[in-house]
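Take a look at the structure set out below.
Please treat every number below as a calculation from the coordinates, not as lab data. Nothing here was measured: the structure is a model prediction, and the numbers come from that model. No Cβ is skipped: glycine too gets one built from the backbone with ideal geometry, and neighbour counts run over all protein chains shown.
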Amino acid sequence: MTKSQFNIKISKELLIRVKRQAMMSGKSLTQHITDLVNNSLSDNNIQNTNLSTVDKIKGIEERLLSLESIVSNREYISQKLKPFTNSEAINCTNFMRGVFFKELEKRNFDNKSEAFDDFLQSVKVFEELNKSIHDRLKEIMLSENPSPWTGKELNELTGDDKCNCSIRKGLINWTGKIEFPSQQEICDKGEDLVSLF
């Protein structure tokens with residue numbers, strides 16, 4: 001390997017630190033700087049640096065979404081609860097299906113029916129669904145193009161307590177996701193929230 005001379009200007013403090021490091025490692029200044037440059041240019045370090053940056057950005061995004069959820073929940077709790085509207089029910093339908101299919105992929109179920117049965121056990125922890133709601137939930141989760149929930153159906157399911165939806169709580173239980181959107185966020189944003197999973 002041919003060697004070349006490479007001159008750079010650095011502060012006196014940095015030069016002193018690098019010289020001290022070289023002496024402590026028992027290397028010449030040239031060898032120590034060569035090793036430092038080689039290590040910083042290795043593929044692994046470049047990938048690790050990029051990965052840690054990506055991880056940091058993802059962490060910041062998750063924290064931001066968590067804060068938005070907390071603020072939204074506080075605003076929601078302080079409001080007088082209104083029944084589900086049909087447009088909110090459509091958003092809920094799209095959200096439920098999106099989360100269901102993401103979890104189905106993650107867990108590598110053999111088929112949708114097996115995944116639905118497993119999900120249903122998580123819903124039953126909170127409420128035993130009546131036959132009509134059970135059949136509608138099954139249709140919504142397993143059919144290719146189901147008709148979405150109606151506001152009337154979701155109001156029947158939740159009674160007077162809109163934020164106490166057993167399907168939402170079942171999804172939380174089934175996915176194991178602690179930072180879960182509020183019921184009102186789901187009503188407002190629907191499938192846009194599926195990217196969080």
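GluC sites (Glu not before Pro), restricted to the stretch 93-197: which are DSSP loop and have at most 15 other Cβ atoms within 10 Å? Walk me through the numbers before you get to the answer.
Numbers: sites: Glu103, Glu105, Glu114, Glu127, Glu128, Glu139, Glu144, Glu153, Glu156, Glu179, Glu185, Glu191; in loops: Glu127, Glu128, Glu144, Glu179.
Passing both the DSSP loop test and the Cβ count: Glu128, Glu144, Glu179.
Taking the number of other C-beta atoms within 10 Å as the exposure measure, put Leu36, Leu196 in order starting with the fewest. Don't skip to the answer; put the middle values down first.
Working: Leu36 13, Leu196 16.
The most exposed by this proxy come first: Leu36, Leu196.
Taking the Cα of Phe101, stepping 7 Å toward and past its beta carbon, and measuring to each backbone N in the stretch 175-197: which are under 19 Å?
Of the residues in the stretch 175-197, 175, 186-187, 189-197 have backbone N under 19 Å from the label point off Phe101.
Suppose R0 equals 22 Å; then what is the FRET efficiency for Glu127 and Ser195 from their Cβ-Cβ distance, rounded to the nearest 0.05? Please list the in-between numbers first.
Details: r = 28 Å, r/R0 = 1.27.
According to the calculation, E is roughly 0.20.
Under a plain spin-label model, where a point goes 7 Å from the Cα along Cα-to-Cβ, how far apart in nm are Ile60 and Thr85?
3.5 nm
Please report Leu64, Leu129 as a ranked list, fewest other C-beta atoms within 10 angstrom at the top and most at the bottom. Present the calculation step by step, with values, prior to reporting the outcome.
Details: Leu64 10, Leu129 19.
Final ranking by Cβ density, sparse to dense: Leu64, Leu129.
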